[in-house]
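Notes follow once the structure below has been shown.
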Amino acid sequence: MSKIEQTLSIIKPDAVERKLDSEIKEMFKNSGFSIIKEKKIQIEKSEAEKFYKVHETKPFYSDLCEYLSSGPIIVMVLEKENAVLGNRKLMGATNPKDAEEGTIRKKYGISIDKNSVHGSDSIDNARNEIDFFFKD
Ligand code: IDP
Ligand code: MG
């Protein structure tokens, strides 16, 4: 059964820096997502640490948070049927080397850390991540 969902997407610093935001947004729209909210921001490392808290024990945590706060990002709320899973599919595997043809990370990702986009991995996390950036 399918239902309308919202998920959080982030266009990460490597893709914003390369001015890929319009092309990535087109890929979302062409896949049937509506961009309900969006803003371009730069966050502090301390905020990135909160956002990625689930990864705090990983060896790459500090670099990851440094990176997410290293330049402007575009955060978006995407909406469509089964948006969480659909966005994960459109993004492709975490490591662009493993991502399938036609996915955002295959097309634009540079490396496992500079993989161009973030997407929520569950409905609960989507709700929390949307609140994290858009609660006001
Ligand atoms: P996801 O972004 O596909 O959900 P996660 O496992 O949640 O992947 O990891 C969050 C982010 O941390 C990834 O997008 C990637 O940028 C980075 N990352 C994950 N694994 C590694 C790694 O082994 N080395 C360096 N960075 C990593
Ligand atoms: Mg993740």
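Quick look at the values:
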| read-out | value |
| --- | --- |
| Theoretical FRET efficiency, 1/(1+(r/R0)^6), r = Cβ-Cβ of S111 and V54, R0 22 Å, to 0.05 | 0.55 |
| Lys, Arg +1 and Asp, Glu -1 on Cβ, resulting dipole of segment 59-126 about Cα centre, debye, nearest 20 | 260 |
| Total formal charge among the other residues, if their Cβ is under 10 angstrom from that of S31, Lys/Arg +1 and Asp/Glu -1 | +2 |
| Within straight-line cross-link reach of K135, aspartates and glutamates at Cα separation under 19 Å, skipping those fewer than 8 residues along the same chain | E5, E38, E44, E47, E49, E79, D124 |
| Expected 222 nm ellipticity per residue - DSSP helices of 4 or more, -39500 (n - 2.57), all of the chain, to 500 | -11000 deg cm²/dmol |
| Over segment 18-136 - Rg/Rh using Cα atoms and the Kirkwood inverse-distance radius | 0.93 |
| Radius 11 Å from Cβ of T103, net charge of other residues (Lys, Arg +1; Asp, Glu -1) | +2 |
| Least to most buried among F51, F132 (fewest other Cβ within 10 Å first) | F132, F51 |
| Virtual spin-label span in nm between E79 and T94, 7 Å along Cα→Cβ | 3.1 |
| Packing-based exposure ordering (other Cβ within 10 Å, fewest first) of F134, F28 | F134, F28 |
| 10 Å beta-carbon shell around A83, net charge (K/R +1, D/E -1) | 0 |
| Dipole magnitude of segment 1-45 about its Cα centre (Cβ charges: Lys, Arg +1; Asp, Glu -1), debye to nearest 20 | 100 |
| About the Cα centre, charge dipole magnitude for the chain (Lys/Arg +1, Asp/Glu -1 at Cβ), debye | 260 |
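A short reminder: the numbers here are calculations on the coordinates, not readings from a lab. These numbers come from a predicted model, not from an experiment. Backbone-built Cβ (ideal geometry, glycine too); neighbour counts: all protein chains shown.
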